[in-house]
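Down below is the structure, laid out as structure tokens.
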Amino acid sequence: MSEPAAPAAVSMEALVSLCKRRGFIFPSSEIYGGINGFFDYGPLGVELKKNIRDCWWADMVRRRDDVVGIETSIIMHPRVWEASGHVAGFSDPLVDCKASKQRYRADQLFFSPVTVEGRVIGYVSALESERTAEELQAAAEQLKRKRAVQGQLAPVTPRDLTEAKPEEIELIPSPATGEPGSLTPPRSFNMMFQTNVGALTDASSVAYLRPETAQGMFADFKAVWDTGRVKLPFGIAQIGKSFRNEITPRNFIFRSREFEQMEMEYFIHENADWAQCHRQWINWCKDWLKSIGLPDSHLSEYDHPKEKLAFYSRGTTDIMFRYPFGVQELWGIAARGSYDLKQHEQASGVPQGIFDEATKQKFVPHVIEPAVGVDRIFLAVLCAGYAEEDVTDDKGQVEKRTVLRLSPRIAPVKVAVLPLLKNKPELVARARLLHQKLQRRYAVFYDESGAIGRRYRRQDEIGTPWCVTIDFATIETDGSFTLRERDSMQQRRLQEDELFALLDQQVY
Ligand code: GAP
């Protein structure tokens, strides 16, 4: 069960509505009714997403001497996914409701016996949420009333459906119908999307859309080692689309079926201090999230319990983010030993070992893997940045403003250029000139329509950090213009070279 959400600063409804209204995100193929688990990024969304990727690439690859980037194909040889274990084991437990035809992830469907005075009078169920236990308790009380049973009701004991005994399954009500008898026992559902390569559609042509980008780095490890002039420790990074046939895509873009990952495999010596390296990467990832504007107060760490780790894994820590729907995984940092390279060595027959000059021995490197989803970061920055607040205008009137406090590093528009009046050609000409100059380096927006206050509000809502207003003082006196800051709403005058210096410092 996810941890309870802190008092939500923002409702998901408000965010989804802003995303649609201002062109950040649309449901995919909406004119045909949409397709569950797929999304389109609109004009502002695509800029924001690109900025997240570009910042990560700049900090993770270009500004480091020990990480190189690659881009591998989405469809790889199917044996890659056999060797990696995905064909056999990349699955979630699936439960069907035979009556409603709904499907659930068994580990997200919770149930409890309803016990009165030590006697089980029935079962209740609820889908995972931050209020699962309360919902089960309320359902238990309702069942007790319905059955008119007297006596003390015991507190519910939530378990998920993977923990149900076979004889319990048919007693647990389906969340869709509220009636028992229609849920099937959990079974494994492989989440990889299958396709066929070439003209034949038989077993020999089966291929998969990759469910993670990581295997591209493992499959190309030797090619990069042989050609990239790299030495240990070093990393291979990649950004790209991944596909998972999630049973229950949900929470907007948090869990979707097509998403984008930014992953890096950091190869270390087999005798290196892996725990220290793991810690360093956890710290790096947290600092990076803060550098793009996520507040420390929304971030936490979750160490996977040792007994739930895969046998080859030495440790996995997730950086968690406080979303409006609960505290959830944002970034996983896993210490995977030499498992992946050894699997590929065995399956392909191509040695993956490298020669250590110091010990004059060959060994297969170990790996630390920070893996994050671009879409989850996108959602996190929107959740952290969104605010509705009361502001007082110059006439003393209180009005609502919606503001997206996005870091200048990732804001889709960096500056809006606004001539004070659109019917004064001198103002418009100066504003257009500044707009053109800024456009060479930054995403900027020109807007001359409407009252200046309304134009500021439009920019606040899409997260533009600065508005520049060209007024009469600009053309009649020293050429300076008004800079209005989104968060403080303070205004000050500055010169063009000062504006470029400000942008250079803040947008990197
Ligand atoms: N190579 C390791 C790996 O893929 P993962 O925890 O399955 O690990 C890494 O995925 C990250 O990818 C997650 O922390 C999350 O940010 C993102 N992610 C995973 N599944 C996702 C989905 N269905 N929708 C959006 N993002 C997802």
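Bear in mind these aren't lab numbers, they're just calculated from the coordinates by the rules spelled out. A quick note: this is a predicted structure, and the numbers were derived from the prediction, not measured. Reconstructed Cβ throughout: ideal geometry from the backbone, glycine too, with neighbour counts over all protein chains shown.
With the Cα gyration tensor of the range 339-380 giving a ≥ b ≥ c as the square roots of its eigenvalues, does the rule (a/c under 1.5 for rounded; else a/b larger than b/c for prolate; else oblate) give rounded, prolate or oblate?
Values: a/c = 5.49, a/b = 2.15, b/c = 2.55.
Cα axes put the range 339-380 in the oblate bin.
Legend: P(r) of the range 90-219 from all alpha carbon pair distances, 5 Å bins from 0, whole percents, reading 2, 10, 17, 16, 14, 10, 8, 7, 6, 4, 3, 2, 1, 0. Cross-link reach is defined here as a Cα-Cα straight distance under 26 Å, omitting same-chain residues fewer than 8 places apart; for Lys146 the lysines meeting it are Lys98, Lys165.
Ranked highest first by average number of other Cβ atoms within 10 Å, how do 291-304, 418-431 line up? Walk me through the numbers on the way to the answer.
Values: 291-304: 15.1, 418-431: 17.4.
The most tightly packed comes first, giving 418-431, 291-304.
Taking a straight line from the alpha carbon of Lys360, these lysines sit under 21 Å away, with near neighbours fewer than eight places off in the same chain left out: Lys222, Lys231, Lys342.
How far is the Cα center of the range 77-108 from the Cα center of the range 171-209, in Å? Between the Cα centres of the range 77-108 and the range 171-209 lies a distance of 6 Å.
In what sequence, highest mean first, do 184-194, 246-256 appear when ranked by Cβ atoms within 10 angstrom? Before the final figure, lay out the partial values.
Numbers: 184-194: 15.7, 246-256: 19.5.
Going from most to least packed, we get 246-256, 184-194.
What you get for the chain, charging only the Cβ of Lys and Arg (+1) and of Asp and Glu (-1), is a dipole of about 780 debye around the Cα centre. Diffusion of the range 360-410 by Stokes-Einstein, at 25 °C in a medium of 0.890 mPa s and with Rh set to the Kirkwood radius over alpha-carbon pairs, works out to 161 µm²/s.
Classify the range 341-485 as rounded, prolate or oblate, taking a ≥ b ≥ c as the square roots of the eigenvalues of its Cα gyration tensor: rounded when a/c is under 1.5, otherwise prolate if a/b is larger than b/c and oblate if not. Prolate shape, in that a/c is at least 1.5 and a/b is the bigger ratio. The Cα atoms of the range 296-357 define a convex hull whose projected area, averaged across directions, is 7.0 nm². Considering only Ala335, Leu420, Phe325, the residue lying farthest towards the positive end of the dipole of the chain is Leu420, judged by Cα position with unit charges set on Cβ. Shown is the FRET efficiency for Gln152 and Gln346, computed with R0 = 51 Å from the Cβ-Cβ distance and rounded to the nearest 0.05: 0.30. Within the straight-line cut-off of under 20 Å between alpha carbons, the lysines reachable from Lys20 are Lys49, Lys50, Lys400, sequence neighbours fewer than 8 places apart in one chain being disregarded. Its Cα gyration tensor gives the range 461-508 an equivalent ellipsoid. The semi-axes, each the square root of 5 times an eigenvalue, are 20, 14, 8 Å from largest down.
Between Asp66 and Glu461, what FRET efficiency follows from the Cβ-Cβ distance if R0 is 41 Å, with the result rounded to 0.05? Write down the numbers at each step before the final one.
Numbers: r = 41 Å, r/R0 = 0.99.
About 0.50, to the nearest 0.05.
If I fit a long axis through the Cα atoms of helix 452-462 and take the longest principal axis of the Cα atoms of the chain, what angle between them do I get, 0 to 90°, rounded to 10? The angle comes out at about 30 degrees.
Applying 1/(1 + (r/R0)^6) with R0 = 45 Å to the Cβ-Cβ distance of Asp393 and Ser205, what FRET efficiency is obtained, to the nearest 0.05?
Numbers: r = 65 Å, r/R0 = 1.45.
In this case the efficiency is close to 0.10.
For a quick check of your reading of the filter: which GluC sites (Glu not before Pro) in the range 92-135 sit in a DSSP loop and have no more than 15 other Cβ atoms within 10 Å?
Working: sites: Glu117, Glu128, Glu130, Glu134, Glu135; in loops: Glu117, Glu128, Glu130.
Those satisfying the criteria are Glu117.
Calculated on C-alpha atoms, the gyration radius of the range 182-223 divided by its Kirkwood radius gives an Rg/Rh of 1.16. For the chain, the convex hull drawn through the C-alpha positions has a volume of 212 cubic angstrom per residue.
Once both axes come from the Cα atoms, what is the angle between helix 339-348 and the longest principal axis of the chain, in degrees from 0 to 90, rounded to 10? Around 70 degrees separate the two axes.
For the range 316-393, the alpha carbon positions stretch 73, 28, 18 Å along the principal axes, listed from largest to smallest.
Can you tell me what percent of all Cα-Cα pairs in the range 232-324 are more than 19 Å apart?
On the way: 2518 of 4278 pairs.
Pairs farther apart than 19 Å: 59 percent.
With the simple spin-label model, which puts each label point 7 Å out from Cα in the Cβ direction, the Ala310 to Arg454 separation comes to 5.6 nm.
Dimensions of the range 1-113 based on its C-alpha atoms, expressed as ranges along the principal axes with the largest first, amount to 57, 45, 37 Å. Helix 496-506 axis versus longest C-alpha principal axis of the chain: approximately 20°, rounded to the nearest ten.
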